[in-house]
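The values are calculated or read from the model by the stated rules, or taken from the named source; none is laboratory data. Treat the numbers as computed from the prediction; the structure is a model and nothing was measured. Backbone-built Cβ (ideal geometry, glycine too); neighbour counts: all protein chains shown.
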Amino acid sequence: MKFMNKVVGQWLAGIGPNLIENENIMKYMDSIQSEIKFKTIATRPGGLVKGEGGRKLMASDDKPPMMFSAFKDLGVFTVDAIKDESLYGKYPFVVAQPTAGKSFTTTIAIVVAVAVLAGYMAKNMRN
């Protein structure tokens, strides 16, 4: 997953320096865990947007967020995360909880299929 983060983050999105800084911060936080008297959780959401929210979020160790979350939803997630001792000392990604009948993989497959169809239509309409 680190390889994909570097490819997408550094070359496609242009946020390489941010990713390096985030990794350095996580290393520092790991190095001081035994020295501090409180527990830490560093959440890593995707993009944040204004709005009413209403989406249920969850922690993920290995699935980077491919979505935007409302500030309100991240706030609710963060308060709940404080109560979850299994997250202490970790840096979870924040992703949407799957909805019934719809998975992340299904969503990506649909997006890819629509993109392929649009490309095919655009090519054939020019001829």
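Does Ser86 meet the test of being at pLDDT 90 or above, among the polar types (S, T, N, Q) and loosely packed, with under 15 Cβ neighbours inside 10 Å? Criteria met by Ser86.
In the set (1) in contact with a Ser or Thr (Cβ under 9 Å, 6 or more places away or on another chain); (2) surrounded by 15 or more Cβ atoms within 10 Å (Cβ to Cβ); (3) at pLDDT 85 or above; (4) not aromatic (Phe, Trp, Tyr), the condition left unmet by Gly46 is number (3). Only one of the numbered conditions (1) part of a strand (DSSP E or B); (2) free of Cβ contacts under 8 Å to residues at least 40 places away in the same chain is violated by Val94, and that is (2).
Can you pull out every residue in region 19-59 that is in a loop (DSSP other than H, G, I, E, B), in contact with an Asp or Glu (Cβ under 8 Å, 6 or more places away or on another chain), touching a residue at least 40 places away in the same chain (Cβ under 8 Å) and under 17 Å from Ala96 (Cα atoms)?
Going through region 19-59, the residues in a loop (DSSP other than H, G, I, E, B) turn out to be 33-40, 42-43, 45-46, 50-56.
Among the residues that remain, those that are also in contact with an Asp or Glu (Cβ under 8 Å, 6 or more places away or on another chain) are: 39, 53-56.
From what is left, the residues that are touching a residue at least 40 places away in the same chain (Cβ under 8 Å) are 39, 55-56.
Scanning region 19-59 gives Arg55, Lys56.
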